[in-house]
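Encoded as structure tokens, the structure appears first; notes follow it.
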Amino acid sequence: MVDHMGKKQMVADLKEGDEVDSHFSISYRKYPRAYRDGHSFELRLQDSSGQINAVYWGGREQDQGAVQELYDSIKERDVVHVRGKVSIFRDALQIGIDPGRGHVVEKSAFSDLSCFVPTSPRDLDEMMRELDRAVEQIANADMRSLLQHFFADEGFRARFRVSPAAITHHCNRIGGLLEHTLNTHSICGFMAVRYSELDRDLLLTGALLHDIGKVREYVVTSGIDCTLEGRLVGHVVMGGQMVDEACGSIPGFPGITRLKLVHMVLSSHGKLECGSPKTPSFPEATVLAQADQMTATVEKHISLRAEACTRTQDDWTWDREYGGIFLR
Ligand SMILES: [Fe+2]
Ligand SMILES: [Fe+2]
């Protein structure tokens, strides 16, 4: 048996028939219910490699109260020690936890949270250096001051460096926001070269700032969650407010540039139904919204293909949002 405080078994490596004795983070729980032999409950477990369902089967020895008590002792985002066995249920792997066979699920003191949330494949410090170079390349002194207001601030830097870009969508990993910001900035930089009519500094400043609200939208523990202000206000509006306040704190910051940058953050999702309170009203705002959309779509396609290839030999998979995805 594996020493349960020792090497971590990763979700992505689990196979049918494997004995599990390891730690996972709970992403959600389903309330206990009755089944033929007693009461059971379901958990969605995760680590940095993926997610898997687990079912606790109380059996005939445990009454409803005992199962409920165990269920109440663990909650979402707790790290739990799980001993169980992997089987296949409806074409998906699942961990069965049967106390009659010595299986357990219990709250754990295991504290290496890096096991539970994936980190960007790119080096975080190297990405921060790329970001700093992008700031230095802004010729307009007001806009460079605005960028330094954020990116030269130690506290903001530290949060921006590790922030994810999402919970479930593209770049949902530590450093994901940095990756997404640099990718969006690169596409905008290319467009600024191709279209000399564009205000390069305005476009690139908007690109670097467009998702800064995400440092207040997400919180990383043993998983990625949304903060209360993230849920109630959202990063588009929070980012617009942050940019507006920062411009106001810089003496002599031009009013029109302030409004344009706030507009670019607010319209960066392109459409009202995608969470933007305004649609893009000038070319730099349109380029930014399209670049944002492009990185998100490409990254989603790449991850859909990669994920599907680990679980099927078929040529195609289907995604509710993106339709048919060709896997060869
Ligand atoms: Fe966004
Ligand atoms: Fe974005």
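Throughout, read-outs are computed from the coordinates displayed, never taken from laboratory work. Quick caveat, the model's predicted, so the values are computed rather than measured. Using ideal geometry, Cβ is built from the backbone for each residue, glycine included, and neighbour counts are taken over all protein chains shown.
Observations, loosely collected:
- Extreme residue, positive dipole direction of segment 78-183, given options Val117, Ile174, Leu131 (C-beta unit charges): Val117
- Proxy reagent accessibility, fewest Cβ within 10 Å first, across Arg159, Arg129: Arg129, Arg159
- The count of lysine pairs in the chain whose Cα atoms are under 13 Å apart, excluding pairs fewer than 8 places apart on the same chain, comes to 4.
- Charged side chains reduced to their Cβ positions (Lys and Arg at +1, Asp and Glu at -1) give segment 216-273 a dipole of some 180 debye around its Cα centre.
- Only the Cβ atoms of Lys and Arg (+1) and of Asp and Glu (-1) were treated as charged; on that basis the dipole of segment 216-317 about its Cα centre amounts to roughly 220 debye.
- When Thr310, Thr181, Thr221, Thr257 are sorted by how many other C-beta atoms sit within 10 angstrom of their C-beta, beginning with the fewest, the order is Thr310, Thr221, Thr257, Thr181.
- Of all beta bridges that DSSP places with both ends in the chain, some 90 percent have antiparallel geometry.
- C-alpha center-to-center spacing [segment 273-289, segment 183-216] in angstrom: 12 Å
- For segment 1-152, the average shadow cast by the Cα convex hull is 12.7 nm², which is a quarter of the hull's surface.
- Annotation: the residues Thr119, Thr205, sorted from fewest to most other C-beta atoms within 10 Å of their own C-beta, follow the order Thr119, Thr205.
- Taken about its Cα centre, the chain carries a charge dipole of about 380 debye when Lys and Arg each add +1 at the Cβ and Asp and Glu each add -1 at the Cβ.
- Coil-residue chymotrypsin sites (Phe, Trp or Tyr not before Pro) of segment 110-219, DSSP, other Cβ within 10 Å capped at 14: Tyr195
- Distance from segment 292-328 to segment 6-33 (C-alpha centre basis), Å: 25 Å
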